[in-house]
Every structure is written in C-alpha cells, then in structure tokens.
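Just below is one structure, and these are the notes that go with it.
The values are calculated or read from the model by the stated rules, or taken from the named source; none is laboratory data. What you see is a predicted model; the values in this text were computed from it and never measured. In this analysis, Cβ positions are derived from the backbone assuming ideal geometry, glycine residues included, and neighbour counts consider all displayed protein chains. In case anyone asks, the SASA skips ligands and DNA or RNA and just uses the protein heavy atoms, side chains included. Shrake-Rupley method; radii C 1.70, N 1.55, O 1.52, S 1.80 Å.
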Amino acid sequence: MLVRTYQQKVYWLARKMVIDHDDADDVTQEVFIKVHKAIDSFREDAQLYTWLYRIATNECLNFMKKKRRRFFLAIGGPEGELAEKIEEMPSVSGDEVQKKLQKALLTLPDKQRLVFNLKYYEDMSYEQMAKVTGTSEGALKASYHHAVKKIEEFINND
Amino acid sequence: MIRLDDIPKKSLFEAPEGYFDKLPERIRYRMANPEPTPAWGTLALKYALPVLALAAASIFVLTNRGNLSAEEIIAGIESEQLVAYLAETDVNTDDLLEAAPLDATEAESLQLDALGDMFLDDTVVDAFGTMEEFGTVR
C-alpha cells in the first residue's frame with residue numbers, strides 16, 4: 001500500500017537526480033526496502049510523507065556519492081555521462097532550451113540540485129524541505145536562489 | 001536574457017510502460033527474498049586487504065627509515081595506492097576536510113565552490129551577506 005501510494009513520487013525524485021531509468025529504479029526499490037526495514041522506528045509524530053522523503057533524498061545523494069567514487073580516477077565527474085544521456089532523450093529532441101536547463105542542473109552540486117528539484121519541480125515549501133533535509137529554511141532559500149542564478153548564467157552563456 | 005521563469009516547466013523523463021504496475025510486486029519479491037549478506041571472508045578481502053597493505057607499507061618504511069612522522073610515512077606511499085585505498089573506503093571530502101588541520105590561510109585558499117556542495121548554514125549566510133560576496137563559486 002505504501003509503495004502504491006508513494007512509488008511515483010519517489011521514482012520521479014530519483015529519476016531527476018540520477019537521470020537514468022535503471023538507476024532510478026534501483027534507488028526507488030532501495031528506498032522502499034529501507035522504509036520497510038525501518039518502519040518500526042518511524043515516530044508517528046512525524047509525517048510519514050516527510051520521513052519517507054528523507055529516506056528517498058538520502059538514498060539519492062548516497063547513490064550520487066557512490067557514482068562519483070567510481071569516477072574518482074577519471075577526468076571530470078559523472079556529469080559528462082549524464083549529459084550524454086540527456087542529449088539522447090527523445091523528449092528533449094529539438095528543445096534546446098530544455099536541454100540546456102537539464103545540463104545546467106548537472107553542473108550544480110548534488111545537494112543543491114536536490115534542493116532545486118524539490119522547490120522548482122515539486123513546489124515543496126521551504127518549511128517542508130527543511131524537515132526533509134534537516135537543513136534550515138534560510139540555508140535552503142540561499143541555496144535555491146543561488147542555483148537559479150547559476151542555471152540562468154549557464155543557459156545564457158552556453 | 002533567458003530567465004528560468006521564461007522556460008516552460010516540463011518533465012522530460014518517461015518511465016517504461018507498465019513500470020509502476022509491476023514495481024510493487026518487484027519490491028515485494030525483494031523484501032521476501034533478501035540478498036544474502038557477504039561471508040566474512042569476502043568482506044575481509046574488500047576492506048581489510050587495503051588496510052593491511054597500507055599497514056605493511058608503513059611497517060616496511062618504519063623499519064627501513066627509522067622514526068618517521070605520519071606525514072613522512074604517507075609521503076612514502078605511491079599516490080596511486082593512496083587513491084585506490086580512498087576509492088575503496090567510505091571516506092569522503094567532508095570527512096577529509098573535517099580531519100585536516102587547516103589554518104586560516106589554508107582554509108581561505110580552498111576554492112569557495114566547495115561551499116556549493118554543502119547546505120549553507122544560516123550563520124554563514126548572515127556572516128557573508130549576499131551570494132555575490134562569495135568568490136568564484138561553481
């Protein structure tokens with residue numbers, strides 16, 4: 001029941017971070033397996049949605065961290081590989097601005113990209129985001145506005 | 001100049017057909033059939049060997065060069081071996097920065113784009129004002 005209710009939210013959160021469907025699938029499954037294992041420790045004074053999202057965001061960041069470690073000895077990070085995947089996506093074919101936006105997002109540090117995705121695509125409030133990420137609202141606002149600035153610079157200079 | 005608000009908000013990703021119909025069952029299967037945990041021997045190979053190699057190298061250097069500081073011992077190890085060891089461990093940049101005894105000059109010389117990888121604490125934002133006051137930020 002939990003999976004059916006939240007699977008799409010978790011999947012799309014992961015997909016926007018890891019880009020590749022198979023990777024997003026792995027992350028999504030891991031999230032629900034961890035939720036299942038930890039459900040006994042869930043404090044009912046917290047919202048289930050917030051708790052589950054916290055697990056999902058941590059799993060996305062851990063996945064990206066592991067991915068970066070695999071690229072540790074290579075020149076550059078995994079951004080090049082992810083940018084290629086975006087280039088190959090049929091949904092961006094011909095839509096240069098969207099392509100630039102997605103590539104701009106890849107230039108952001110993972111945590112900042114996560115904040116951006118939560119705010120821009122999911123319209124999550126800073127209050128909610130603070131509970132999910134364990135970060136102050138002020139820091140999140142600064143991170144988001146800085147991300148927007150960097151994205152606009154990338155799009156206009158690329 | 002294109003602003004973010006000028007760009008239509010759309011989701012570019014697509015999930016395979018039927019993916020969400022099958023996902024709950026796949027997850028249920030995984031929960032019912034957990035992956036076997038690695039035997040101790042496999043874990044030892046994965047984590048203990050790099051540590052043993054480092055320890056053996058340290059002992060070798062110590063016995064052959066007399067009393068050495070930690071920095072001197074590390075300096076005697078090939079960079080590729082250190083990189084390979086770090087790649088196998090869970091040590092990350094934040095851990096290294098936390099452990100590194102940086103003085104004020106060294107801390108300043110680190111690129112400010114490292115801050116982009118961290119959530120900014122309210123105190124940092126308050127202390128440094130607007131984002132424009134940061135130096136080169138990634």
Fill in the blank from the handout: Taking segment A:105-114 and the residues there that are touching a residue at least 40 places away in the same chain (Cβ under 8 Å) and at the interface with chain B (Cβ under 9 Å from one of its Cβ atoms), the one that is nearest to A:Thr133 (Cα to Cα) would be A:Lys111
Problem - Residue check, A:Ala83 of a type in the set (Gly, Ala, Ser) and at pLDDT 80 or above - result: no
Exercise for the section: Inspect segment A:38-55 for any residue being at pLDDT 90 or above and assigned to a loop (DSSP other than H, G, I, E, B) and give the result as yes or no. Expected result: no
Exercise for the section: Would you tally the residues in segment A:115-149 being free of Cβ contacts under 8 Å to residues at least 24 places away in the same chain, within 11 Å of chain B (Cβ to nearest Cβ) and aliphatic (A, V, I, L, M)? Expected result: 4
Handout entry: Selection count, segment A:27-54, where residues are surrounded by 15 or more Cβ atoms within 10 Å (Cβ to Cβ) and more than 8 Å from chain B (Cβ to nearest Cβ)
Key = 9
Practice task
Take segment A:104-123 and flag every residue that is more than 21 Å from A:Lys65 (Cβ to Cβ) and either modelled with pLDDT of 95 or more or open to solvent by 10 Å² or more (accessible area, probe 1.4 Å) (or both).
Solution key: A:Lys119, A:Tyr120, A:Tyr121, A:Glu122, A:Asp123
Practice task
Would you check if A:Ala24 is of a type in the set (Gly, Ala, Ser) and surrounded by fewer than 19 Cβ atoms within 10 Å (Cβ to Cβ)?
Solution key: no
